[in-house]
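One structure is given below, encoded as structure tokens.
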Amino acid sequence: MPHTPPWEPGLLASLTGVGPGPTARDKRLELRAALAAATAAPGAPVEPLVLPGATDALGARLVEEAGFAAVYATGAGLANAGFGLPDIGLISQAEVVDHAGRLAEATRVPLVCDADTGYGGPLAAMRTVRLLERAGVAGLQLEDQEMPKRCGHFDSHALIPSGHMQTKIAAACEARADDALVIIARTDARSVHGIEEAVERGRAYAEAGADALFVEAPRTVDELALVGRELAGVPLIVNVVEGGRTPQLDVARYAELGFGVVLFANYLMRSMHLAGREALAHLREHGETASRAGRMAGWEERQSLFNLPRFSAAETALDREFGSLS
């Protein structure tokens, strides 16, 4: 008679990062379904995919806990929070791949990764696709800046020719081992050549095989409307940068303008930045933290977010002999 394992059904599957969970392909198909649901014919209402950014596993877990359907591994956030550097193209392919793998393991929802330019020409972009695919990402974003790239809301961008970016996108799509992996094409042409060129590049990148388009930094509501109208039928991403160049609207308004994905790449990091500064100022001024206990996560909240009760139960169960479950 076969023995039963010494743990209760479902226990190990609840251990995110250690136990079994959704496969990378499961997550990719989930992301594709969300993009399809957020893409409608011109004028038709959609339920946009709100995509918060995270700089680490804590942030990714918070995004999942808050009920969002996917999380974004922000490149600017990684440069700032992970390395203390500005977003001017100083982080390498290997560092991003390692980082993305940790975030993908930390959450059960799909992860979209900012892969900058692909870290070189078409061959480098192909290798970036393969590495990030193996790291477990559900989607990745490639942009048309020259290296070293810069934040899309900075000045002084330089772009590669549109045809070269089309080649890079087509090569990146061909490099996929899993055709469910989502390839997002971003253009920074608005800052260099104007909104019309940005729209033309978006159209060209969709023709090259991009699954979604990200026109960075439209300046006005009229420009947003133009992008939404001219590129309708493809999932469109708008990047909300607080204090940046794109008008800050609510999610429903972006959806009305044709954007199925609303990216808040660094909202969480910047909120944590201010909260951390205030917490440290309190400690320096008062020399204690007890009076501020209500403004930080409680002990149980912290352990719950990282699933300590289930890990503890698993440790106890796995210390039993096989077949000893009663």
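Please go through segment 253-265 and pick out each residue that is among the small types (G, A, S) and either free of Cβ contacts under 8 Å to residues at least 40 places away in the same chain or in a loop (DSSP other than H, G, I, E, B) (or both).
Correct list: G258, G260, A265.
Looking at L123, L132 in this structure, which one is closer than 19 Å to A73 by Cα and at pLDDT 95 or above?
Working: L123 fails: closer than 19 Å to A73 by Cα.
Just one listed residue meets the conditions, L132.
Just one of A297, A314 is open to solvent by less than 80 Å² (accessible area, probe 1.4 Å), farther than 26 Å from Y205 by Cβ, touching a Leu at 6+ places or on another chain (Cβ under 8 Å) and in a loop (DSSP other than H, G, I, E, B); which is it?
On the way: A314 fails: in a loop (DSSP other than H, G, I, E, B).
Just one listed residue meets the conditions, A297.
State yes or no: is G258 of a type outside the set (K, R), surrounded by fewer than 20 Cβ atoms within 10 Å (Cβ to Cβ) and either farther than 23 Å from T55 by Cα or at pLDDT below 95 (or both)? Steps first, please.
Details: of a type outside the set (K, R): yes; surrounded by fewer than 20 Cβ atoms within 10 Å (Cβ to Cβ): no; either farther than 23 Å from T55 by Cα or at pLDDT below 95 (or both): yes.
Here the answer is no, as G258 does not meet what is asked.
So D87 passes all but one of these: (1) in a helix (DSSP H, G or I); (2) closer than 25 Å to V63 by Cβ. Which condition number does it fail?
Here D87 clears every test but (1).
Report yes if some residue within segment 200-217 is open to solvent by less than 60 Å² (accessible area, probe 1.4 Å), small (G, A, S), free of Cβ contacts under 8 Å to residues at least 24 places away in the same chain and at negative phi; otherwise report no.
no
Among the residues in segment 201-212, are any of a type outside the set (D, E, K, R), closer than 18 Å to A34 by Cβ and part of a strand (DSSP E or B)?
Yes; the residues of segment 201-212 include at least one that is of a type outside the set (D, E, K, R), closer than 18 Å to A34 by Cβ and part of a strand (DSSP E or B).
May I ask you to say which residue of A293, A265 is small (G, A, S) and in contact with a helix residue (DSSP H, G or I) (Cβ under 8 Å, 6 or more places away or on another chain)?
Working: A293 fails: in contact with a helix residue (DSSP H, G or I) (Cβ under 8 Å, 6 or more places away or on another chain).
Testing whether each residue is small (G, A, S) and in contact with a helix residue (DSSP H, G or I) (Cβ under 8 Å, 6 or more places away or on another chain) leaves just A265.
Tell me, yes or no, whether segment 116-137 has at least one residue that is of a type outside the set (S, T, N, Q), under 25 Å from R201 (Cα atoms) and assigned to a strand (DSSP E or B).
No; the residues of segment 116-137 include none that is of a type outside the set (S, T, N, Q), under 25 Å from R201 (Cα atoms) and assigned to a strand (DSSP E or B).
Each row is one residue, and each column tells you yes or no for (1) touching a Phe, Trp or Tyr at 6+ places or on another chain (Cβ under 7 Å); (2) within 22 Å of P122 (Cβ to Cβ); (3) modelled with pLDDT of 95 or more; (4) open to solvent by 40 Å² or more (accessible area, probe 1.4 Å).
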| residue | (1), (2), (3), (4) |
| --- | --- |
| K168 | no, yes, yes, no |
| R176 | no, yes, yes, yes |
| D179 | no, yes, yes, yes |
| I183 | no, yes, yes, no |
| V221 | no, no, yes, yes |
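Please enumerate the residues belonging to segment 102-152 that are polar (S, T, N, Q), in contact with an Asp or Glu (Cβ under 8 Å, 6 or more places away or on another chain) and over 20 Å from N80 (Cβ atoms). Please lay out each step first, then the result.
Start the filter on segment 102-152 by keeping residues that are polar (S, T, N, Q), which leaves 107, 117, 128, 141, 145.
After this cut, where a residue has to be in contact with an Asp or Glu (Cβ under 8 Å, 6 or more places away or on another chain) as well, the list is 107, 117, 141, 145.
Once the filter is applied, which keeps residues that are polar (S, T, N, Q), in contact with an Asp or Glu (Cβ under 8 Å, 6 or more places away or on another chain) and over 20 Å from N80 (Cβ atoms), segment 102-152 yields only T107.
Yes/no matrix, rows are residues, columns are (1) assigned to a helix (DSSP H, G or I); (2) touching a residue at least 60 places away in the same chain (Cβ under 8 Å); (3) touching a helix residue (DSSP H, G or I) at 6+ places or on another chain (Cβ under 8 Å); (4) open to solvent by less than 40 Å² (accessible area, probe 1.4 Å):
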{"position": "P9", "(1), (2), (3), (4)": "no, no, no, no"}
{"position": "T16", "(1), (2), (3), (4)": "no, yes, yes, yes"}
{"position": "R32", "(1), (2), (3), (4)": "yes, yes, no, no"}
{"position": "P52", "(1), (2), (3), (4)": "no, yes, yes, yes"}
{"position": "L62", "(1), (2), (3), (4)": "yes, yes, yes, no"}
{"position": "A69", "(1), (2), (3), (4)": "no, no, yes, no"}
{"position": "L78", "(1), (2), (3), (4)": "yes, no, yes, yes"}
{"position": "V112", "(1), (2), (3), (4)": "no, yes, yes, yes"}
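When the residues of segment 223-252 are narrowed to those that are in a helix (DSSP H, G or I) and among the small types (G, A, S), which ends up most open to solvent (accessible area, probe 1.4 Å)?
Filtering segment 223-252 down to residues in a helix (DSSP H, G or I) leaves 223-230, 251-252.
Add one more test, that the residue is among the small types (G, A, S), and what stays is 225, 228, 252.
Details: A225: 26, G228: 7, A252: 63 Å².
Here the answer is A252.
Suppose we filter L123, L85, L132 for residues that are closer than 27 Å to R25 by Cα and either free of Cβ contacts under 8 Å to residues at least 12 places away in the same chain or surrounded by 24 or more Cβ atoms within 10 Å (Cβ to Cβ) (or both); which single one remains? If you could, list the steps in order and put the result at the bottom.
Numbers: L123 fails: either free of Cβ contacts under 8 Å to residues at least 12 places away in the same chain or surrounded by 24 or more Cβ atoms within 10 Å (Cβ to Cβ) (or both); L85 fails: closer than 27 Å to R25 by Cα.
Answer to the selection: L132.
The values are calculated or read from the model by the stated rules, or taken from the named source; none is laboratory data. Predicted, not measured: the structure shown is a model, and the values here were computed from it. Here Cβ is always computed from backbone atoms with ideal geometry, including for glycine, and neighbour counts include all displayed protein chains. With ligands, DNA and RNA removed, areas are computed over all heavy atoms of the protein, side chains included. Shrake-Rupley method; radii C 1.70, N 1.55, O 1.52, S 1.80 Å.
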